[in-house]
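Undergrad: Input: one structure, supplied below.
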Amino acid sequence: MSTQSGIVAEQTLLHSLNENLSANGTVVVIAKISPDSTSVRQTQVTHNLEQLVQFASQGKEPLYIFYKPEGVAKYFFVSFIPDGSPVRSRMLYASTKNTLARQVGSNSLCTEQPLITDAQDLIDLKNFDNDRPATQNEPLTQDEIMQIEINKQQAFLRKNNSVKLVSQDSGSPLSLTFRVNSEKPINEILSTDGKNLIIFQINPSDETIQIVQSETCPSVNELQIDLFGPSYTIFKQGDSNFFIYSCPSGSKVKDRMIYASNKNGFINYLKNDQKISFSKVVEIGDFAELDKSTLIATKEDSLDHDPNPDQSNNGGLRFNKPRGPMRKRRT
């Protein structure tokens with residue numbers, strides 16, 4: 001497992017990538033790590049590869065480049081690490097790449113993510129015009145085919161329906177595949193209807209997140225999630241709200257991918273649009289894995305004070321301590 005640097009993208013960069021994704025013609029968004037090594041910030045937006053080459057030739061500093069060819073609805077995520085760049089910079093850019101890609105979202109990035117070391121070679125990006133280069137003829141796995149199909153559906157809905165929620169991986173506004181279908185605002189159900197347990201599932205037929213169960217749960221000990229397939233749950237205990245993402249064993253691979261890719265976007269929608277803050281976000285497999293003692297939080301535990309609120313709290317997983325070998329009895 002690669003080491004992560006802890007550096008994240010600035011919201012300005014994520015907004016710019018989202019806005020330019022639907023732009024006509026070629027788009028090149030250039031970003032780099034800030035001087036204090038705390039964030040990835042946008043440096044320049046251009047529509048000309050020659051200008052990109054000129055900019056990259058000015059020094060030996062690495063860059064992140066998001067290149068969207070004309071007629072393509074996704075970016076090629078390029079790591080530009082010039083020969084002769086400082087070792088520390090190389091390490092920072094290498095350890096930050098995966099985090100940045102997750103923040104942007106797989107539905108906005110092509111599978112091809114080239115590494116380029118010579119600024120003059122950047123001009124060859126004009127030959128990248130689809131998600132898989134013609135020279136790459138290896139057969140796709142079933143998971144790759146499924147992911148490509150999901151990406152196509154998301155791009156189509158983003159272009160035609162303009163459904164607005166929040167990014168899957170950040171707090172920036174983006175168009176998502178799924179929208180929330182509820183007759184009442186969710187915060188109103190929690191505050192005025194007296195319900196403290198709301199369970200959601202994704203309806204693939206109309207691509208909405210729907211409430212499938214809404215009730216009053218007297219105590220945490222009586223909490224029960226008994227549904228087929230993955231689900232999102234809001235449980236209110238006193239003044240604290242908890243978000244539970246459940247993905248039972250036996251769930252379909254496609255369902256796992258869809259729920260996982262929309263989890264953070266749904267959480268951010270609840271926080272930003274519905275003004276529901278969460279003390280903890282818990283991920284579990286089967287409901288039996290939920291440690292109900294973790295559903296007790298203080299105000300100091302609130303995720304609103306967490307510098308990285310999109311990270312899930314994995315304290316919901318319970319593991320029994322294995323017993324050691326038994327000693328033989330003396331006779």
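Readers should treat all values here as calculations from the given coordinates under stated rules, not as data from a laboratory. None of these values were measured; they are calculated from a predicted model. Because the Cβ atoms are built from the backbone with ideal geometry, glycine has one as well, and the counts that use them run over all protein chains shown.
Undergrad: Starting with the fewest neighbours, write out ILE234, ILE284 ranked by other beta-carbon atoms found within 10 Å of each beta-carbon.
TA: With the sparsest Cβ surroundings first, the list reads ILE284, ILE234.
Undergrad: Contour minus end-to-end for GLN51 and ASP286, with contour as 0.36 nm per residue of separation and end-to-end as the Cα-Cα distance?
TA: Taking GLN51 through ASP286 to full extension adds about 79.3 nm, to one decimal.
Undergrad: Would you list LYS236, LYS263 from fewest to most Cβ contacts within 10 Å?
TA: Going from least to most buried by this count: LYS236, LYS263.
Undergrad: Another question about this same structure. Classify segment 179-316: rounded, prolate or oblate, from the alpha-carbon gyration tensor (a ≥ b ≥ c, eigenvalue square roots; a/c under 1.5 rounded; otherwise prolate if a/b is larger than b/c)?
TA: Rounded.
Undergrad: Just the number, please: percent antiparallel of the DSSP beta bridges in segment 8-127, rounded to the nearest 5.
TA: In segment 8-127, DSSP labels about 75 percent of beta bridges as antiparallel.
Undergrad: How far is the Cα center of segment 96-118 from the Cα center of segment 258-287, in Å?
TA: 24
Undergrad: What are the residues whose amide H is under 5 Å from the amide H of VAL27, where those residues sit 5 or more places off or on another chain and H is modelled from the backbone?
TA: The list, which skips near neighbours in sequence, is LYS68.
Undergrad: Order by neighbour count: GLU289, GLU215, fewest other Cβ atoms within 10 Å first, most last. Please list the in-between numbers first.
TA: On the way: GLU289 16, GLU215 10.
Placing the least packed residue first, the sequence is GLU215, GLU289.
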